Amino acid sequence: MEKKSIVRVVQGLLKDEGYRIGAIDGIPGPKTESALMKALGKRESSLPEGWESWPRTRLGTAYLQLCCHEHDIDAGKIDGYWGQVTDYAYSVLKEVRETGSRPPLWRDTDPLDVNPNAWPVQTTAAMTAFFGRPGSNLVTIDVPYTHCLAWDQRVKVNRITCNRRVADSLVRVLTRVKSHYGPDGIDDLGLDLYGGCFNNRTMRGGSRKSTHAWGIALDYSPSSNKLRWGRDRAHFARPEYDKWWEFWEKEGWVSLGREKNFDWMHVQAAKLP
Ligand SMILES: [Zn+2]
């Protein structure tokens, strides 16, 4: 639980239990820490032996797991480790606290079917007619907020090379993302984890050119949205990403995740045939 937003949830839960923890600021200071120990002490019977000597982040995670169970949300084993199950349970707990109700197990999330920029259908002929040959007609844009390489987050990305015909739309989308989510939201949700745009390559497992070859597709946060993951696992399928997708879809972009339930990292300026 190193992220500020997670610490804030821990602090909010401790405060609700009546502990005096000072400001809910996302910083795990001494008051937060001592309240955390007291809250865990109260639940000692549900904790494994030796928990007192766990590092703080593990204690915080264990506390969240316990709180999830108390809210009837399955967080798996109380072990203080942030795995797949805990991650999902946490997102449900957060939603319950923010909205007072659980996210529905299945949301009616039909993608918006609009096409204000008249993006072509995803066929080689239609895309070449509209965007030019793969690898041509490229421009480099300044991104509205700093990205970083998903596979090496120390590397900042401030410019992206894309097809000239998607450039303005791309900037509009990312400007809306920036003003809606702000720096903390972007950081928490990984909306800056850039997985690439222009790449003159063929489709995975195919001989046809990928939409990336025209510079009209972007990938985000690939490690939390693996190619074959469906909405049960892909982070970008969660409700906190609804606005993200709305901003893309309002500009006619297509999410393969939302349309086909795979490759949730990928968004493209071409309609599915
Ligand atoms: Zn892609």
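The values are calculated or read from the model by the stated rules, or taken from the named source; none is laboratory data. Here the structure is a predicted model, which is why all the values come from computation and not from measurement. Counting neighbours? That spans all protein chains shown, and the Cβs are built from the backbone with ideal geometry, glycine included.
Quick look at the numbers
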quantity: Pairs, first under 16 Å from GLN268 (Cα atoms) in region 215-242, second surrounded by fewer than 19 Cβ atoms within 10 Å (Cβ to Cβ) and hydrophobic (A, V, I, L, M, F, W, C), C-beta under 6 Å, six or more apart; calculated: GLY215/LEU138
quantity: Tally, over region 209-248, of residues that are surrounded by fewer than 20 Cβ atoms within 10 Å (Cβ to Cβ), part of a strand (DSSP E or B) and aliphatic (A, V, I, L, M); calculated: 0
quantity: Residue in region 81-96 that is over 30 Å from GLU44 (Cβ atoms) and either in the same structural domain as PRO48 (by TED's automatic domain parsing) or exposed (fewer than 13 other Cβ atoms within 10 Å of the Cβ) (or both) present; calculated: no
quantity: Selection count, region 163-208, where residues are surrounded by fewer than 15 Cβ atoms within 10 Å (Cβ to Cβ), of a type in the set (Ser, Thr, Tyr) and farther than 30 Å from ARG8 by Cβ; calculated: 2
quantity: Within region 206-225, considering residues that are under 20 Å from LEU189 (Cβ atoms) and of a type outside the set (Gly, Ala, Ser), the one nearest to the ligand (Cβ to nearest atom); calculated: ASP219
quantity: When residues of region 186-203 are limited to those that are near the ligand (Cβ under 9 Å from one of its atoms) and assigned to a loop (DSSP other than H, G, I, E, B), the one farthest from TRP244 (Cα to Cα); calculated: ASN199
quantity: Single match in SER46, SER53, SER5 (criterion: surrounded by fewer than 17 Cβ atoms within 10 Å (Cβ to Cβ) and within 24 Å of the chain's Cα centre (by Cα)); calculated: SER5
quantity: Verdict on PRO48 being more than 30 Å from TRP214 (Cβ to Cβ), at pLDDT 90 or above, not assigned by TED's automatic domain parsing to the domain that holds PRO239 and not in a helix (DSSP H, G or I); calculated: yes
quantity: Checking TRP264 against (1) within 11 Å of the ligand (Cβ to nearest atom); (2) closer than 27 Å to SER136 by Cβ; (3) modelled with pLDDT of 95 or more, the condition it does not meet; calculated: (2)
quantity: Given (1) in a helix (DSSP H, G or I); (2) outside the structural domain of LEU193 (by TED's automatic domain parsing); (3) surrounded by 13 or more Cβ atoms within 10 Å (Cβ to Cβ), index of the condition THR128 fails; calculated: (2)
